[in-house]
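Participant: Just dropping this structure here.
Just so it is clear, none of the values below were taken in a lab; they were calculated from the coordinates. Source: prediction; values computed, not measured. Note that each Cβ is placed from the backbone with ideal geometry, even for glycine, and that neighbours are counted across all protein chains shown.
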Amino acid sequence: MDIVVALSGAIAVGKSTVASKLVERWGGTVVKTRDAIVDLASKRGIDLTERRAMQDFGDALDAETGGRWVSGAAHAHDADNSSRLLIIDAVRIREQIDELRVSFGRRLVHVHLVAADRTVLAARYRARRPNSLTELASYEMLAENPTEAKIDELGTIADVVLDTHRNTIEDLVIRCAARLGLLPALTTPLVDVLVGGQFGSEGKGNIAYHLAPEYGLLVRVGGPNAGHKVRHDGAVLTHRTLPSGARANPHAPLVVGPGAVVNPRILLAEIEATGVDQARVSVDEQAMVITDDDIAREVELKGAIGSTGEGVGAAAARRILGRDGSAKLARDHPDLRPFLADTGSLLNDAFSAGKFVLVEGTQGTGLSMFHGQYPFVTSRDTTIAGTLSEAGIGPRRVRRAIVTVRTYPIRVAGNSGPIGHGREIQWSEIEQRSGHAPGDIRDISSVTQKVRRVAEFDWELLRRSAELNSATDIALTFADYLDRKNENAYRYEQLTGTTIEFVEEVESVTGAAVSLIATSFLERGIIDRRTWRGARPTRLPIPEA
């Protein structure tokens, strides 16, 4: 199964109807937990023929297994079917959903159905066709079961909430299918590009990790002076050369483009530290290699412009000046030979197969060699145009241009230049505004391990970045720095009012949708508002019990 849907909602809300309509149109299998309960009860010599007995036995199973029995029933169908869609009708408590998330990961989508008018549900219940189960005398009696009485609390943690009273079944199915990524794409370009819109450290790694399971190929450019952090299985990994979604999508090839700058020692150490299968890694033969001499040449730049001193700029300069044959590329370095590839051919193969490609840029638009505040800039063009050039991809392949911005822009410590047009402030001021505890949100550089400088949001830079990158989407990060309460938001409407106003202002200034909002550095710390998808997340291995 590619997609696993867990339906929840009150009795008579329409779960079974939605499930059957989805399968009727897109194919798949429905797992009825009611049937699983009857089967489990039968094995214990219990004959369930009444609704109340069904409710009580389900509660007993939950208490006995911690809700794991639902996951077990789903796996039994998942292993025996090759259908694209598996629908669980239905889940009743949070523990059941938590176990399903552990088992199916990003493949699971929790859809909660509601009907604000309870009289509608009562009428539907009375109109039900007779079946093998003896129903209760009235709808009100259903709520005497504690689990049923609290069923709509699951809406607070659901990925999708749909009102079955205000929508027809056709509306519900099309809306649900859109959120599941079942609707066919209306565009042919296959490349989505992710870049920073400020001065780097915008949280691109977290966004790339979230998006990665939807792509058939992951591409990274830039150099090891940018460290992108991700959280994977509870551990924090830092990617300085590999695409940040390497572990989120264990099947996609990982490509380092011809315009990248590579330090072989850092690449090999990263592969070992992250546990990535090196057979997945391809480094273009024409990528530039950083030498110890390059790093030594940048020592003075650390103080002059706040450079990380990783040798990226010196290597880039040597590439230009070494066209007499003195410059050495990836193809000339023995440690990189196992990874060498013509990445242009890999990309063409992916395009021919109709695979979506995610290209991950590094640093930020405000650091662009050509568009940043010279001389406080990096050694490359950090815009989408520059990123595509380094990856070896033409602009007509681009489908989405995703610009990542954080609620408070930062720059590295030291004499790194002005932070745009914003007023520089202290971290303590942000903590006070947002409700964070003192010392809670000091921002440390992934590479230099120094406390970064921070400033007020720069709206003029936002507009310029959106223009330079032809932004179709904005990924807004560090929403919890606006208000700590945002850490507990799983959907857009759960954000604080001030945060929603901020999002709307970003959309007004850029003319682009704020499609992704990072509320925390956690597995479910991103609110996904996209109206588009790559492919559906790749099937992940089932964790051992």
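Participant: Mind checking which lysines have their Cα closer than 24 Å to the Cα of residue 229? Skip sequence neighbours fewer than 8 apart in that chain.
Facilitator: 204, 302, 450, 485
Participant: What is the Cα centroid distance between region 9-66 and region 311-340, reported in whole angstrom?
Facilitator: Spelled out, the Cα-based centre of one part sits 62 Å from the other.
Participant: Could you put 397, 220, 25 in order, starting from the residue whose Cβ has the fewest other Cβ atoms within 10 Å?
Facilitator: 25, 397, 220
Participant: At 7 Å along the Cα-to-beta-carbon direction for both residue 52 and residue 128, put a label point, then send me their distance in nm to one decimal.
Facilitator: For the pair residue 52/residue 128, the computed spacing is 1.5 nm.
Participant: Let me ask something else about it. Within a 10 angstrom radius of the beta carbon, how do 215, 490, 481 rank from fewest other beta carbons to most?
Facilitator: 490, 481, 215
Participant: Suppose a student asked you for the relative contact order of the chain, using Cα pairs under 8 Å spaced at least 6 residues apart; what percent would you report?
Facilitator: 16
Participant: Where nothing but the Cβ of Lys and Arg (+1) and of Asp and Glu (-1) is charged, how large is the charge dipole of region 1-160 around its Cα centre, in debye to the nearest 20?
Facilitator: 480
Participant: Among 523, 170, what is the fewest-to-most ranking by other Cβ atoms within 10 Å?
Facilitator: In order of increasing Cβ crowding within 10 Å: 170, 523.
Participant: Using the beta-carbon distance between residue 273 and residue 467 and R0 = 41 Å, what value does 1/(1 + (r/R0)^6) give for FRET efficiency, to the nearest 0.05?
Facilitator: Step by step, r from the Cβ atoms, then E = 0.60.
Participant: To check you understand DSSP bridge types, tell me what percent of the beta bridges within region 191-528 (both residues inside) are antiparallel, rounded to 5.
Facilitator: Around 30 percent of the beta bridges assigned by DSSP in region 191-528 are antiparallel ones.
Participant: Then there's this: How much length, in nm to one decimal, is gained on full extension between residue 509 and residue 156, taken as 0.36 nm per residue of separation minus their Cα-Cα distance?
Facilitator: Separation in residues times 0.36 nm, less the Cα-Cα distance, equals 124.0 nm.
Participant: Given the DSSP H assignment, sum -39500 (n - 2.57) over each helix run of at least 4 residues in the chain and divide by its residue total; what's the result at 222 nm in deg cm²/dmol, nearest 500?
Facilitator: Value at 222 nm, helices only: -9500 deg cm²/dmol.
Participant: Right, another one. Once R0 is set to 22 Å, what does the formula 1/(1 + (r/R0)^6) return for the Cβ-Cβ distance between residue 498 and residue 528, expressed as a FRET efficiency to the nearest 0.05?
Facilitator: After rounding to 0.05, the efficiency reads 0.55.
Participant: In degrees between 0 and 90, to the nearest 10, how far off the longest principal axis of the chain does helix 497-510 point, with axes built from Cα atoms?
Facilitator: Roughly 50 degrees between the two axes.
Participant: Find the centroid of the Cα atoms in region 357-426 and in region 116-177, then give the distance between the two in whole Å.
Facilitator: 48
Participant: If I take every Cα pair under 8 Å that is 6 or more residues apart in region 14-80, average their sequence separation and divide by the length, what percent do I get for the relative contact order?
Facilitator: 28
Participant: Over all directions, average the projected area of the Cα convex hull of the chain and note it in nm².
Facilitator: Mean shadow area of the hull around the Cα atoms is 26.6 nm².
Participant: Can I ask one more? Would you mind working out the magnitude of the charge dipole of the chain relative to its Cα centre, with +1 at each Lys and Arg C-beta and -1 at each Asp and Glu C-beta, to the nearest 20 Debye?
Facilitator: That gives the chain a dipole magnitude of about 800 debye.
Participant: Separate question: Using θ = phi - 60° and the Karplus relation 6.51 cos²θ - 1.76 cosθ + 1.60, list the HN-Hα couplings for region 33-48 in order, rounded to whole Hz, with x at every Gly or Pro.
Facilitator: Taking θ as phi minus 60°, the curve returns 5, 4, 5, 5, 5, 4, 5, 5, 5, 4, 5, 9, x, 10, 9, 8 Hz for region 33-48.
Participant: Which order do the peptides 313-323, 355-365, 84-94 come out in when sorted by mean C-beta neighbours inside 10 angstrom, highest first?
Facilitator: Descending mean neighbour count gives 355-365, 84-94, 313-323.
Participant: Given R₀ = 30 Å, what would the calculated FRET efficiency be for residue 140 paired with residue 168, taking r from the Cβ atoms and rounding to 0.05?
Facilitator: 0.70
Participant: Would you list which lysines come within 30 Å of residue 21, measuring only between C-alpha atoms, while excluding same-chain residues fewer than 8 positions from it?
Facilitator: Partners found: 32, 150, 355.
Participant: Quick one: which residues, 5+ away or cross-chain, put their amide H under 5 Å from the amide H of residue 6? H built at 1.01 Å from N.
Facilitator: 88, 109, 110, 111
Participant: Next question. What does the extension gain come out to for residue 116 and residue 26, with contour length at 0.36 nm per residue minus their alpha carbon separation?
Facilitator: 29.5 nm
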